[in-house]
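The structure appears right after this line, and notes come after that.
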């Protein structure tokens with residue numbers, strides 16, 4: 001069965017510092033991979049997706065992620081954190097279009113002024 | 001021009017009651033989903049419908065019954081509510097083919113069972 005692991009349930013960064021959120025997947029076939037962001041009391045918004053095209057994927061709000069098959073990873077980064085980046089971030093995987101998403105446990109990002 | 005909408009946003013009810021949550025999408029997608037987010041923020045698929053047909057049922061208790069009157073709507077009815085049903089329920093939709101793989105989520109319905 002497919003699984004997604006996010007290392008670190010909480011990450012605290014200073015404003016202007018690098019944001020790095022880790023995600024590893026477990027699958028014999030590289031799945032489609034996604035990062036979603038959830039702001040308090042809101043739904044999930046797609047940040048970016050990997051669908052077997054370019055391994056370095058750029059998303060909204062300055063985020064990007066790199067797919068590394070050898071490491072079964074899809075880590076999310078942002079060079080400079082902003083206060084508005086404080087939210088819960090979820091990594092997710094899917095086998096195919098129209099298939100269910102399997103989510104990691106989420107990482108809460110706190111941004112210190 | 002909301003893409004995926006859910007009603008109600010908040011639902012507070014007592015154990016044993018029956019309640020429904022409604023979901024509508026105006027994206028023209030033919031696949032819709034229900035996810036449950038528990039108190040620890042963990043998200044898990046419950047059901048998926050494609051063109052009104054159930055395609056995923058992830059070992060959810062029989063008290064939960066999804067219904068899709070048409071491909072733009074997916075409702076969730078819950079019988080005999082229990083304390084453990086308290087959670088945030090998210091509806092989502094996606095195209096089932098082509099090259100668009102992401103799912104679009106609604107704002108969620110926070111269900112509190114007392």
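In the stretch B:1-16, the qualifying residues are those that are in contact with a strand residue (DSSP E or B) (Cβ under 8 Å, 6 or more places away or on another chain) and in a loop (DSSP other than H, G, I, E, B), and the one that is modelled with the lowest pLDDT is B:3.
When residue A:8 is tested against (1) on the phi < 0 side of the Ramachandran plot; (2) within 14 Å of another protein chain (Cβ to nearest Cβ); (3) touching a residue at least 40 places away in the same chain (Cβ under 8 Å), exactly one condition is not met: (1). From the list B:48, B:68, B:93, the one residue that fits, being in contact with a strand residue (DSSP E or B) (Cβ under 7 Å, 6 or more places away or on another chain), within 11 Å of chain A (Cβ to nearest Cβ) and free of Cβ contacts under 8 Å to residues at least 40 places away in the same chain, is B:48. Within the stretch B:31-43, the residues that satisfy the criterion of being surrounded by 13 or more Cβ atoms within 10 Å (Cβ to Cβ) and without any contact (Cβ under 8 Å) to a residue 40 or more places away in the chain are B:41, B:42. Quick test for you: out of A:109, A:19, A:57, pick the one residue that is within 14 Å of chain B (Cβ to nearest Cβ), buried (at least 17 other Cβ atoms within 10 Å of the Cβ), in contact with a helix residue (DSSP H, G or I) (Cβ under 8 Å, 6 or more places away or on another chain) and at pLDDT 90 or above. Of the residues listed, the single one that is within 14 Å of chain B (Cβ to nearest Cβ), buried (at least 17 other Cβ atoms within 10 Å of the Cβ), in contact with a helix residue (DSSP H, G or I) (Cβ under 8 Å, 6 or more places away or on another chain) and at pLDDT 90 or above is A:109.
Number of residues in the stretch A:72-101 that are more than 10 Å from chain B (Cβ to nearest Cβ), free of Cβ contacts under 8 Å to residues at least 60 places away in the same chain and under 14 Å from residue A:12 (Cα atoms): the value is 4.
Among the residues of the stretch A:29-37, at least one is modelled with pLDDT under 90, in contact with a helix residue (DSSP H, G or I) (Cβ under 8 Å, 6 or more places away or on another chain) and within 14 Å of chain B (Cβ to nearest Cβ).
Here is a check on your reading of the model: is residue A:104 free of Cβ contacts under 8 Å to residues at least 24 places away in the same chain and closer than 24 Å to residue B:38 by Cα? No; evaluated as a whole, the condition is false for this residue. Of all the numbered requirements in (1) closer than 28 Å to residue A:6 by Cβ; (2) at pLDDT below 95, residue B:62 misses one, and that requirement is (1).
Selection of the stretch A:40-54 for residues being more than 17 Å from residue B:35 (Cβ to Cβ) and either surrounded by fewer than 16 Cβ atoms within 10 Å (Cβ to Cβ) or without any contact (Cβ under 8 Å) to a residue 12 or more places away in the chain (or both) yields A:40, A:52, A:53, A:54.
The values are calculated or read from the model by the stated rules, or taken from the named source; none is laboratory data. This one's a predicted model, so the numbers in the text were calculated from it and none came from an experiment. Don't worry about glycine lacking a Cβ; one is built from the backbone with ideal geometry, like all the others, and counts go over all protein chains shown.
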